[in-house]
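The structure under discussion appears below in the form of structure tokens.
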Amino acid sequence: MKKIISSLSFALVLISTSSFAADNYLLESELSFVSFTTIKNQFVVEPATINTLSGELNKSGEFSIDVDLKGISTGIPIRDNRLNELFFESVKYPEVEVSGKVDLSALSSGPKKLVIPAKVTLYGKTKSINFPVVVLEEGNHVMVSSSSAVIIGASDFGIPSENLTKLAATVGGIKISDRVPVSLTLVFKK
């Protein structure tokens with residue numbers, strides 16, 4: 001009898017844990033990405049994408065997203081490596097962490113344009129950034145996409161200017177902007 005009660009208790013714990021998890025949305029990494037564009041020599045634009053994201057959105061609207069910087073893709077592997085090693089120092093600071101809260105009740109009647117405040121941790125420093133987005137809750141999915149880019153400066157997060165100088169030295173010393181436009185597309189699934 002003790003064994004049956006113990007097994008039943010264990011089963012109830014498993015069921016309640018899985019039903020809690022079912023209330024949360026998980027980030028679909030194959031459909032989600034962050035993109036940014038580096039600008040060098042004042043007019044040469046080089047796009048980059050990061051699609052190594054993981055995250056969660058709970059039923060209260062609180063979200064957390066981890067962006068693995070090793071997933072940077074510019075289409076040129078040596079540039080990806082240089083961005084990671086020289087600029088982001090991703091061995092020391094491997095991830096960008098983003099957290100915040102969205103009012104899910106505001107999404108009940110179709111897509112909405114919102115400005116979502118979030119805490120962004122990059123290079124060990126946390127800042128508040130407002131992200132203008134379009135959010136749609138549809139069935140078991142919540143989709144978030146930038147309605148305009150957010151301009152982020154490396155110096156705002158304490159990334160040393162020497163890192164940018166080292167990166168510029170790899171391309172003949174061409175000046176590279178400290179600021180980049182950043183956009184995102186996130187898909188969460190329940």
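The values are calculated or read from the model by the stated rules, or taken from the named source; none is laboratory data. Every value quoted in this text rests on a predicted model; they were computed, and no experiment measured them. We place every Cβ from the backbone using ideal geometry, glycine too, and count neighbours over all the protein chains shown.
A single member of Glu89, Glu85, Glu97, Glu137 is in contact with a Leu (Cβ under 7 Å, 6 or more places away or on another chain) and either touching a residue at least 40 places away in the same chain (Cβ under 8 Å) or acidic (Asp, Glu) (or both), and it is Glu137. Before we move on, is Ile72 without any contact (Cβ under 8 Å) to a residue 24 or more places away in the chain and not acidic (Asp, Glu)? In short, no. Remark: pairs (first residue in the range 160-189, assigned to a strand (DSSP E or B); second residue surrounded by 14 or more Cβ atoms within 10 Å (Cβ to Cβ) and charged (D, E, K, R); Cβ separation under 8 Å; 6+ apart in sequence or on different chains) = Ile176/Lys40; Val187/Glu28; Phe188/Glu28; Phe188/Glu56; Lys189/Glu28.
The residue of the range 100-113 that is modelled with the lowest pLDDT, among those that are surrounded by 15 or more Cβ atoms within 10 Å (Cβ to Cβ) and in contact with a Leu (Cβ under 9 Å, 6 or more places away or on another chain), is Leu107.
Name the one entry in Leu57, Leu31, Leu26 that is hydrophobic (A, V, I, L, M, F, W, C), at pLDDT 95 or above, buried (at least 16 other Cβ atoms within 10 Å of the Cβ) and within 27 Å of Ser108 (Cβ to Cβ).
Values: Leu31 fails: buried (at least 16 other Cβ atoms within 10 Å of the Cβ); Leu26 fails: buried (at least 16 other Cβ atoms within 10 Å of the Cβ).
Checking each option against the conditions leaves just Leu57.
When only residues in the range 60-82 that are assigned to a strand (DSSP E or B) and either in contact with a His (Cβ under 6 Å, 6 or more places away or on another chain) or of a type in the set (Asp, Glu) (or both) count, which is surrounded by the fewest Cβ atoms within 10 Å (Cβ to Cβ)? I'd like the intermediate steps shown before the answer.
Within the range 60-82, the first condition is being assigned to a strand (DSSP E or B), and the residues that meet it are 62-68, 72-73.
Next cut, either in contact with a His (Cβ under 6 Å, 6 or more places away or on another chain) or of a type in the set (Asp, Glu) (or both) only: 62, 66, 68.
On the way: Glu62: 14, Asp66: 17, Asp68: 16.
Restricting to residues being assigned to a strand (DSSP E or B) and either in contact with a His (Cβ under 6 Å, 6 or more places away or on another chain) or of a type in the set (Asp, Glu) (or both), the top hit is Glu62.
For the range 134-159, the set of residues classified as in a strand (DSSP E or B) and either closer than 12 Å to Val182 by Cα or polar (S, T, N, Q) (or both) consists of Ser145, Ser146, Val150, Ile151, Ile152, Gly153, listed by residue number. Of the candidates Phe43, Phe87, the single residue that is of a type outside the set (D, E, K, R), farther than 25 Å from Met143 by Cβ and surrounded by fewer than 17 Cβ atoms within 10 Å (Cβ to Cβ) is Phe43. Determine whether Ile159 is in contact with a strand residue (DSSP E or B) (Cβ under 6 Å, 6 or more places away or on another chain) and surrounded by 13 or more Cβ atoms within 10 Å (Cβ to Cβ). Answer is no for this residue.
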